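Since the structure comes first, as structure tokens, the remarks are kept for the end.
The values are calculated or read from the model by the stated rules, or taken from the named source; none is laboratory data. Everything quoted here is computed from the prediction, not taken from an experiment. So basically every Cβ, Gly included, is an ideal-geometry build from the backbone, and we count neighbours across all protein chains shown. For the accessible areas, the whole protein counts, side chains as well, though only heavy atoms, and no ligand, DNA or RNA atoms are used. Shrake-Rupley method; radii C 1.70, N 1.55, O 1.52, S 1.80 Å.
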Amino acid sequence: AQTVTQSQPEMSVQEAETVTLSCTYDTSESDYYLFWYKQPPSRQMILVIRQEAYKQQNATENRFSVNFQKAAKSFSLKISDSQLGDAAMYFCAYVTPGTGNQFYFGTGTSLTVIP
Amino acid sequence: DTGVSQDPRHKITKRGQNVTFRCDPISEHNRLYWYRQTLGQGPEFLTYFQNEAQLEKSRLLSDRFSAERPKGSFSTLEIQRTEQGDSAMYLCASSRTDGELFFGEGSRLTVL
């Protein structure tokens, strides 16, 4: 069974600094997608960044980048130049293509940004 | 904005009552998903539809839960004889293909 583990329930970062959120996953599949979703308080979940397992290059979206280590089954999110609006719950998620797009989510990391 | 919309946003009910939630997906998305999220947890898959066909149901979806998507557009999730353990956020999401899920803001259920 696929599992996604986020070992950091809470993290904090000073505004303008860099923070890294950790995620590990367990799967026997070779083809899959990994995602980081952001859930602000009382707001909907939105996609932050996506990584296809077959791509060796780490995905980057502006201030957000990932460190994808396929052999180690690790998928961390780095947020650079943290802003107050980055404060939210962050969920790591996994999906295998062809399974109806059934996502598996981690338990989340609550990120606080300190002014 | 034509994102995923859910209604109601918050429902408070007494134990034993029935509740129904509605989800309107993004119009061109043929896949629709229901997830449940409890405090301190990530979303857990409940069920999903491709067009009007319900293709997958989680073991979390007890007999008291039923979901429909009659015309392949909006969907309803009904919970009969609610229990306190049903209190959670019920999230709807839609997608067109494998990949990104687009979520609604959720329907929070509180069972007293």
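What the table below lists for this structure:
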{"item": "Answer from A:Ala93, A:Ala88 - the residue that is among the small types (Gly, Ala, Ser) and more than 11 Å from chain B (Cβ to nearest Cβ)", "result": "A:Ala88"}
{"item": "Residues located in the range B:54-86, provided they are open to solvent by less than 40 Å² (accessible area, probe 1.4 Å) and at negative phi", "result": "B:Ser58, B:Leu61, B:Arg64, B:Phe65, B:Ala67, B:Arg69, B:Ser75, B:Thr76, B:Leu77, B:Ile79, B:Thr82, B:Asp86"}
{"item": "Any hit, the range B:98-106, residues being within 14 Å of chain A (Cβ to nearest Cβ), among the small types (Gly, Ala, Ser), touching a strand residue (DSSP E or B) at 6+ places or on another chain (Cβ under 8 Å) and touching a residue at least 12 places away in the same chain (Cβ under 8 Å)", "result": "yes"}
{"item": "Filter result (among the hydrophobic types (A, V, I, L, M, F, W, C) and either closer than 29 Å to B:Tyr90 by Cα or without any contact (Cβ under 8 Å) to a residue 12 or more places away in the chain (or both)) within the range A:67-82", "result": "A:Ala71, A:Phe75, A:Leu77, A:Ile79"}
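Conditions tested, residue by residue: (1) part of a strand (DSSP E or B); (2) surrounded by 13 or more Cβ atoms within 10 Å (Cβ to Cβ); (3) within 9 Å of chain B (Cβ to nearest Cβ); (4) modelled with pLDDT of 95 or more.
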residue	(1), (2), (3), (4)
A:Val13	yes, yes, no, yes
A:Asp31	no, no, no, no
A:Pro41	no, no, no, no
A:Asn58	no, yes, no, yes
A:Leu77	yes, yes, no, yes
